[in-house]
1. In the stretch 146-246, what trypsin sites (Lys or Arg not before Pro) fall in a loop by DSSP, with at most 12 other Cβ atoms inside 10 Å?
2. Report the residue, chosen from Pro69, Pro185, Pro51, that carries the largest GNM mean-square fluctuation when the chain is represented by alpha-carbon nodes joined by springs under 10 Å.
3. Can you list the lysines whose alpha carbon sits under 26 Å from that of Lys38, skipping same-chain ones fewer than 8 residues off?
4. Tell me whether the stretch 88-187 comes out rounded, prolate or oblate; compute the Cα gyration tensor, take square roots of the eigenvalues as a ≥ b ≥ c, and use a/c under 1.5 as the rounded threshold.
5. Pulled fully out, how much extra length does the chain show between Gln215 and Asp44, if you take 0.36 nm times their separation in residues and subtract their Cα-Cα distance?
6. What percent do you get for the relative contact order of the chain when only Cα pairs under 8 Å and 6+ apart count?
7. Looking at the chain, what % of the alpha carbon pairs are farther apart than 23 Å?
8. Given an 8 Å cut-off on Cα distances and at least 6 residues of separation, report the relative contact order of the stretch 3-74 as a percent.
Amino acid sequence: MGLNRFVCRTIAELDAQVTACRACPRLVAWREQVAREKRAAFRDENYWGKPVPGFGPDDARLLVVGLAPAAHGGNRTGRMFTGDRSADVLIAAMYDAGLANQPTSLRADDGLELIGTRVTAPVHCAPPDNKPTPGERDNCRHWLVTELDLLTPTVRGIVVLGGFGWQALLPVLGESGWAVPKPRPRFGHGAHVELAPTRPDRDSLHLFGTYHPSQQNTFTGRLTPAMLTAVLVEAATTVGLPDARP
Ligand code: SF4
């Protein structure tokens, strides 16, 4: 996928173009099948069934990066981390960290606003079993490269949710103008690495790792709300978001 194929001058243009993408046949078929068949609890709803763009202000200082939208979460509601259990945990923690105006993320029209922070993913379509193929991940990479480029004037840190997102993000950062150390920094909950810029128009970028707020992690207690909030507060404080709560 050539990087010059799309020209996005603003985050709004990017979001509009992402939403129309059909580059991965397997994911297009899956997201639309899920939207047709629905989960019984949501059978009266109109599923989004399209790529889910990032969500949050276009002058964010902090980016929160997951892996891909959930079939009955973002793929249903049309907004990242909206309408599922992972969203419940993440947005409550973001609220506690001073990064959201409310502690819930239920629907695209629920009034949620993120503060100085944008949430996005290296893969914008819900994949079967939450697992994109390497080819699909590579297809989608240019959208995140463009998003980082557009956020460059302000973005100073990224919180990565989970090891899969971490592995997907590092090559994007290398392509986007930051030096990724060799060997690559290891993912871990509480990991914090500062990446130096390789281009004159970039500032250094702080990378933070946290376990993903999936049900698998939160139900087992591997990730508690306090653990997630602590990483978000550290990231927010590091990038200079003044509202971050201790
Ligand atoms: S995963 Fe990304 S590249 Fe593939 S169809 Fe969705 S938006 Fe397009």
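1. Sites meeting the loop and neighbour criteria: Arg186.
2. Between Pro69, Pro185, Pro51, it is Pro185 that shows the largest mean-square fluctuation.
3. Lys38 reaches Lys50, Lys131.
4. Verdict is prolate for the stretch 88-187.
5. My answer for the length gained is 59.1 nm.
6. 21
7. 46
8. Here the relative contact order equals 36 percent.
Quick note: the coordinates plus some simple rules give every number you see, no bench work behind them. Everything numeric here is computed off the predicted structure, so don't read it as measured data. When we count neighbours, we look across all protein chains shown, and the Cβ atoms used for this are built from the backbone with ideal geometry, even at glycine.
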